[in-house]
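The next block holds one structure in the form of structure tokens; read it before the comments.
The values are calculated or read from the model by the stated rules, or taken from the named source; none is laboratory data. Everything numeric here is computed off the predicted structure, so don't read it as measured data. Don't worry about glycine lacking a Cβ; one is built from the backbone with ideal geometry, like all the others, and counts go over all protein chains shown. Just the protein is used for accessible areas: all its heavy atoms, side chains included, with ligands, DNA and RNA removed. Shrake-Rupley method; radii C 1.70, N 1.55, O 1.52, S 1.80 Å.
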Amino acid sequence: MSQQIYPWKLQFPLVSRSGRIRKLVVETRDLDPSQIKLLEIPGGAEVFELVAKFCYGINFEITTANVAVLRCAAHYLEMTDDYGEGNLVVRTETYLNEVVIQDFSVSLAVLHNCENLVPLAEELKIVSRCVDAVAAIATASLPSREQLSSSMEYNGSSGWIDSQVQSCKTDHWWSEDLAILRIDFYQRTLAAMMSRGLLHESIGGALIIYAQRYLKGLNMKPVTSHNKTKLAPAATVHDSGIPSILEQEQRALVETLTSMLPCEKNSISCSFLFGLLRSAIILDASISCRIELEQRIGMQMDQAALDDLLIPSMSFTCDTLFDVDVVQRLVINFLQHKEKEDSQAGGYESESTSPPSQSAAIKVAKLIDNYLAEIAPDTNLKLLKFYALAELVPDYARVVNDGLYRAIDIYLKAHSNLSEGERKKICKLMDVQKLSQEACSHAAQNERLPVQVVVQVLYFEQVRLRAAMAASMMEGDNLGHFHHKLGSGALSAAISPRDHYASIRRENRELKLEVARMRMRLTELEKEHVCMKQEMEKTSSTAHNFLHSVSRRLSRLNPFGSRNQSHVAAPQTPDSRVSSRRRRHSIS
């Protein structure tokens, strides 16, 4: 506090009740005793006026708003009982002990007023007494862990936050009241409450309310530096690009909130963690803070939503709209945490079809495929970055590859200048055997896919349809036998009409598709048959002409041909005719 001079015509009551003023009067005996200098008195002139009224017996009220500063001023002026019975120190201490620390709201208000009175308020233990009072009253009726868990059921990422905040507003009425405190006092108060039995699950909702109060509405604007541009908080950056005091305070706030996060998994919502991470990136928080948030998100990434992953890029290069590197690190953290959990769990035995870690991996795989489809239209997104992120997801986590196929198709459409080799490389990410019927039908007609991929899709689709037809035929035989054995009434009771009708429609669609393919194949075979027939006819005609020519040439070379034709002999005997036939037969 700056030095101030307070002119005051000193009288006996003021000198008699203040030890500091009495000493100053003695020290300034040779000077004008009507004026003295009071340096850095807490509260300034207004508080000194209240002190003077107290010394002169003028009535004034000690309230919640002035008790802390009056106590600090009384200490500064040394107004103890040594200089008068019932002096200001005793009066303010009595008010603190009998009024302030007995009530939650009053203690919280006095604690809030002490923010501008440190370190003197700390030295006088006003802060510690108010913190203990607030913590004791707030934790007097804490709910049990079972009650808290039932009030914060997870219904999706955004719904989890809403239920958690709503729980704090009802069961933890103190959460919004504590949000008026400065971050250091807030941290001390929560620590005192935890030492008195506050559950880790209760801290999450309180931190969310506090962050929403002080970090809400971080708007960004472009900031240019070294001929490059990045996004920065609009209201916290000077025109010169130097961070303001407000930005520094918000950065410290994010780092402190991160250090206050409970260590237990699922103790705080994933969306809130993403909000903190986004704020940490915007405010350029410390690397340790961002690493801590990324690791925490990786522990429960299966609870994230697509909007959580859409973190704007803050890089000066601005190569992509969204920060893909952050998402890639989050997936790596998730896989590392999952591997650690699997190794600790050992042999997992459960009635469910898959362990929890595998179910979480399936959710993350769907989330990443949707994220890839969202960022695929970005023309600045490099193939290597897209490929690296898609490749991180394990094969077993992608039960169906429809989402990945959709992302690849969007990427190929937005990046039409890719080479044939690059298109083949990106298509290697998906397994065509895991495509649904709708995806196969689309892929079979997709001109953006390489020819080899289309051929694989058609082949596996045909194999699948044949297997489905064979299974349906076997099922039909079994149903016919069952119908013959139990009667039509039992069959209709076993299969509902709606399911039976849907099954018939599905089989009809498959059969129609197979018939259409068979027609196309039949048309191709007919064309091949016509071509083969024409080739055979041409070949047969050529062979017949060749044999006729050879026969004529041989007849000319026959030494007996001319004689037989030139001489007409007398009637021959039967023996001679037979002999002649045999000769002709042998020659020809």
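Counted as qualifying within the stretch 119-203 are the helices (runs of 4 or more DSSP H) with 3 or more residues that are at pLDDT 90 or above, out of contact with any Phe, Trp or Tyr (no Cβ under 9 Å at 6 or more places or on another chain) and at negative phi, namely 120-123, 126-138, 183-195.
Quick check on the stretch 434-444. Is at least one of its residues without any contact (Cβ under 8 Å) to a residue 60 or more places away in the chain, out of contact with any Leu (no Cβ under 7 Å at 6 or more places or on another chain), open to solvent by 80 Å² or more (accessible area, probe 1.4 Å) and among the polar types (S, T, N, Q)?
no
Do you know which residues across the stretch 436-481 are modelled with pLDDT of 80 or more, more than 19 Å from L404 (Cα to Cα) and of a type in the set (S, T, N, Q)? Matches in the stretch 436-481: Q462 only.
Taking the stretch 358-394 as the range and being exposed (fewer than 15 other Cβ atoms within 10 Å of the Cβ) and polar (S, T, N, Q) as the test, the residues that pass are S359, T379, N380.
Within the stretch 309-332, if we keep just the residues that are in a helix (DSSP H, G or I) and out of contact with any Lys or Arg (no Cβ under 9 Å at 6 or more places or on another chain), the residue that is most open to solvent (accessible area, probe 1.4 Å) turns out to be R329.
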